[in-house]
Amino acid sequence: MRALVYHGPGIRAWEDVPKPGIIEDGDAVVRVDAVTICGTDLHILKGDVPAVTDGRILGHEAVGTIESVGPGVRTVKPGDRVLVSCITACGTCRFCRESRYGQCLGGGGWILGHKIDGTQAEYVRVPFADTSVHALPAGVPAQDVLMLADILPTGYEVGALNGAVQPGDVVAVVGAGPIGLAAIMGARLFSPSRVVAIDLADSRLEAAKGFGAHVTVNNSRQDPLAAVRDLTGGLGADVTIEAVGVPEAFELTVALARPGGRIANIGVHGAPATLHLEEQWIRDVTITTGLVDTFSTPTLLRLVAGGQLDAGRFITHNFTLDEFPKAYDVFADAANTGALKVVLSR
Ligand SMILES: [Zn+2]
Ligand SMILES: [Zn+2]
């Protein structure tokens, strides 16, 4: 079969590799029908994730068809169409019993395209299949469901739920890339009075309006603190969400929150960021961090099937699997191509 293989920083190839088979009793082998590329894959290609070694097949998001299952698998069978989640769950460890699957101690967590071969391939082996794949709902395009493999649960759980967005809140989201847009979409489910999107690129802010932002601020030429204070009687936002992963964005996200506000970090940080505790200690703020657990995936699947979440809105480009190198180029050059999520299908 063919797969997108990492060969060290800056080097990737769409090449022939052996087709995976069942290794453990709980495994499923899934024929990949549609797959996407994540910003995390670009971090890996830069060499930012040293746990990913030469020869690893990348990718942690897919929809596909079960090809074969190990003898321990009970809930899916060959021919079933499934969503392969970015998080794999053993289902029995302490953290899985608390629905904290991202922290799985039993061999799960974020393993696909990280510690084991991933989904950017014609076939992928998925461990703990019973607790790690989700049946596709009827009547929803498979590529829309693909958006629930990572970005939608991440924006919803680590952004909207950790930030505890309430009806009437003013929510400020720093960063309007795919994850920031997913956080906006998740926050809108709780009827905030205003969602403010902050980014340096007008094209992303334009997209943010389509995802439900009421106000957009380009912080290359507008002061986001002044804009948020204007909306909140000088107080600051009830909830602020960081969706970039650089120190300046985190520090802005903290500064934008009102006293007693909630600050949810989603961004993947590669460098230290300063928490100005000398300013914040007296302001009663709550700061949350997290890796997605995907405990919300069944909820989000029902919202997509019910028409309350337009997951397909993220998809800007479609390719075939054999166009993987080109799809990476388009996704990596989002500033010029306008790419949000690219989908590669058979
Ligand atoms: Zn991802
Ligand atoms: Zn576990």
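The values are calculated or read from the model by the stated rules, or taken from the named source; none is laboratory data. In this text, all values refer to a predicted model and were calculated from it rather than measured experimentally. Reconstructed Cβ throughout: ideal geometry from the backbone, glycine too, with neighbour counts over all protein chains shown.
Yes or no, residue by residue, for (1) of a type outside the set (Asp, Glu); (2) modelled with pLDDT under 95; (3) crowded, with 23+ Cβ neighbours inside 10 Å:
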site	(1), (2), (3)
Thr53	yes, no, no
Arg56	yes, no, no
Gly59	yes, no, yes
Gly70	yes, no, no
Lys77	yes, no, no
Thr88	yes, no, yes
Arg94	yes, no, no
Glu98	no, no, no
Cys104	yes, no, yes
If you scan region 4-27, which residues turn out to be within 29 Å of Lys77 (Cα to Cα) and in contact with a Gly (Cβ under 7 Å, 6 or more places away or on another chain)?
Leu4, Val5, Ile22, Glu24, Asp25, Gly26, Asp27
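The rows are residues; the columns are (1) in the same structural domain as Val82 (by TED's automatic domain parsing); (2) in a strand (DSSP E or B); (3) within 16 Å of ligand 1 (Cβ to nearest atom).
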{"residue": "Gly107", "(1), (2), (3)": "yes, no, no"}
{"residue": "Val124", "(1), (2), (3)": "yes, yes, yes"}
{"residue": "Asp130", "(1), (2), (3)": "yes, no, no"}
{"residue": "Leu181", "(1), (2), (3)": "no, no, yes"}
{"residue": "Val196", "(1), (2), (3)": "no, yes, no"}
{"residue": "Glu206", "(1), (2), (3)": "no, no, no"}
{"residue": "Val217", "(1), (2), (3)": "no, yes, no"}
On the given criteria, is Thr75 more than 15 Å from ligand 1 (Cβ to nearest atom) and in contact with a Gly (Cβ under 7 Å, 6 or more places away or on another chain)?
no
Residues of region 139-155 classified as in a helix (DSSP H, G or I) and within 14 Å of ligand 1 (Cβ to nearest atom), total
8
Among the helices (runs of 4 or more DSSP H) contained in region 253-346, which hold 2 or more residues that are surrounded by 15 or more Cβ atoms within 10 Å (Cβ to Cβ)?
297-305, 324-332, 334-337
Tell me, which residue of region 89-142 that is free of Cβ contacts under 8 Å to residues at least 60 places away in the same chain and among the hydroxyl-bearing types (Ser, Thr, Tyr) is farthest from ligand 2 (Cβ to nearest atom)?
Ser132
Could you say whether any residue in region 4-18 is crowded, with 21+ Cβ neighbours inside 10 Å, in a strand (DSSP E or B) and within 16 Å of ligand 1 (Cβ to nearest atom)?
yes
Kindly check whether there is at least one residue in region 181-200 that is touching a residue at least 40 places away in the same chain (Cβ under 8 Å) and among the hydroxyl-bearing types (Ser, Thr, Tyr).
no
